[in-house]
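Peer 1: Sharing a structure, written as structure tokens. Questions coming.
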Amino acid sequence: MRPGGEPQTGSMAMDDKTILFADLSGFTALTEAHGDERATAIVLRFYDMARSVLRDGAILVKTIGDEVMIVCSSARSCVLIALELQALVDAEPAFPMMRAGLHIGPVTEAAADFFGNAVNIAARVAACAKSGQLLCTEAIASRLGSPHPCLVSRIGPAAMKNVQHEVVIYALRRDDVVKQSFVDPVCRMRVSAGAAAGHVSHAGEDVYFCSFECMQAFSVAHDEGTL
């Protein structure tokens, strides 16, 4: 502080942090299919899950709709957090799938938030992730140490909006990732064959639904030719 209590306006210190963005895939479709009240309950549960996996000084910085932003000091710890969060999501009955992106780099902390190019890149990596995918940059993959906490596979360079150079991305995957599950084509919620409210055969494949309402909506769309 300057004399008289005025804040200094000089440059703020920048420290390397690992940034994790994670959200629920297909959340808009889920809200349309099941309504605001059900969607709100699901996203609040997701927030609780995110808080429960924080470790090693990690911070849940903010929530934005169905998205959470977590900041960690260690790349390995942040990857473990992402893996644990995905495992909780996968174990939750009738829940959407999670997707996430991670990057590490210098950030500035101000007003209880974090800013910098590293934050922007982490958000872009998360946007590249498909339903159920955890993606990270090469900077994260190179810091995981040995043995790796998960399966790591190189996807390759990706062009990202407002990022000058292509970013090399990697996929992170638990070796126990859920395999016997399906995605309701109406609300995008994950559903197992045993717990499905119903299923139909479409284009030579079995399609499973979380509820009778979703199955009915699918049938109407099929009859109207809007699938």
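The values are calculated or read from the model by the stated rules, or taken from the named source; none is laboratory data. This one's a predicted model, so the numbers in the text were calculated from it and none came from an experiment. Ideal geometry is used to build each Cβ from the backbone, glycine not excepted, and the neighbour counts take in all protein chains shown.
Peer 1: When the range 151-169 is examined, which residues are found to be at pLDDT below 90 and touching a Leu at 6+ places or on another chain (Cβ under 6 Å)?
Peer 2: None; the set is empty.
Peer 1: Residue by residue through the range 31-43, note down the ones that are modelled with pLDDT of 90 or more and more than 21 Å from Ala127 (Cα to Cα). I'd like the intermediate steps shown before the answer.
Peer 2: Initially, the range 31-43 is screened for residues modelled with pLDDT of 90 or more, giving 31, 35-43.
Correct list: Gly35, Asp36, Glu37, Arg38, Thr40, Ala41.
Peer 1: Would you confirm whether or not the range 151-170 contains a residue that is in contact (Cβ under 8 Å) with a residue 60 or more places away in the chain, in a loop (DSSP other than H, G, I, E, B), out of contact with any Gly (no Cβ under 9 Å at 6 or more places or on another chain) and among the small types (Gly, Ala, Ser)?
Peer 2: Scanning the range 151-170, I find no residue that is in contact (Cβ under 8 Å) with a residue 60 or more places away in the chain, in a loop (DSSP other than H, G, I, E, B), out of contact with any Gly (no Cβ under 9 Å at 6 or more places or on another chain) and among the small types (Gly, Ala, Ser), so the answer is no.
Peer 1: Let me ask something additional. Let me confirm something: among Ala91, Ala41, which residue is within 15 Å of Arg190 (Cβ to Cβ) and either in contact (Cβ under 8 Å) with a residue 40 or more places away in the chain or in the same structural domain as Glu109 (by TED's automatic domain parsing) (or both)? So that I can check it myself, show each step before the final result.
Peer 2: Values: Ala41 fails: within 15 Å of Arg190 (Cβ to Cβ).
Within the list Ala91, Ala41, the selection yields Ala91.
Peer 1: Restricting attention to the range 61-71, does a residue exist that is in a helix (DSSP H, G or I) and farther than 17 Å from Ser131 by Cβ?
Peer 2: Here is the first cut: in the range 61-71, the ones in a helix (DSSP H, G or I) are none.
The answer is no; no qualifying residue exists.
Peer 1: What's the number of the only condition in (1) modelled with pLDDT of 95 or more; (2) aliphatic (A, V, I, L, M); (3) closer than 19 Å to Ala41 by Cα that Ala91 fails to meet?
Peer 2: Every listed condition holds for Ala91 apart from (1).
Peer 1: Moving on to the next point. Can we say Ala123 is among the aliphatic types (A, V, I, L, M), within 22 Å of Arg55 (Cα to Cα) and either touching a residue at least 24 places away in the same chain (Cβ under 8 Å) or buried (at least 23 other Cβ atoms within 10 Å of the Cβ) (or both)?
Peer 2: Values: among the aliphatic types (A, V, I, L, M): yes; within 22 Å of Arg55 (Cα to Cα): yes; either touching a residue at least 24 places away in the same chain (Cβ under 8 Å) or buried (at least 23 other Cβ atoms within 10 Å of the Cβ) (or both): yes.
Taking the combined requirement at face value, the residue satisfies it.
Peer 1: Somewhere in the range 23-30, is a residue modelled with pLDDT of 90 or more and either assigned by TED's automatic domain parsing to the domain that holds Ala111 or in a strand (DSSP E or B) (or both)?
Peer 2: Start the filter on the range 23-30 by keeping residues that are modelled with pLDDT of 90 or more, which leaves 23-24.
Of the ones still in play, those that are also either assigned by TED's automatic domain parsing to the domain that holds Ala111 or in a strand (DSSP E or B) (or both) are 23-24.
Checked the range 23-30: at least one residue is modelled with pLDDT of 90 or more and either assigned by TED's automatic domain parsing to the domain that holds Ala111 or in a strand (DSSP E or B) (or both).
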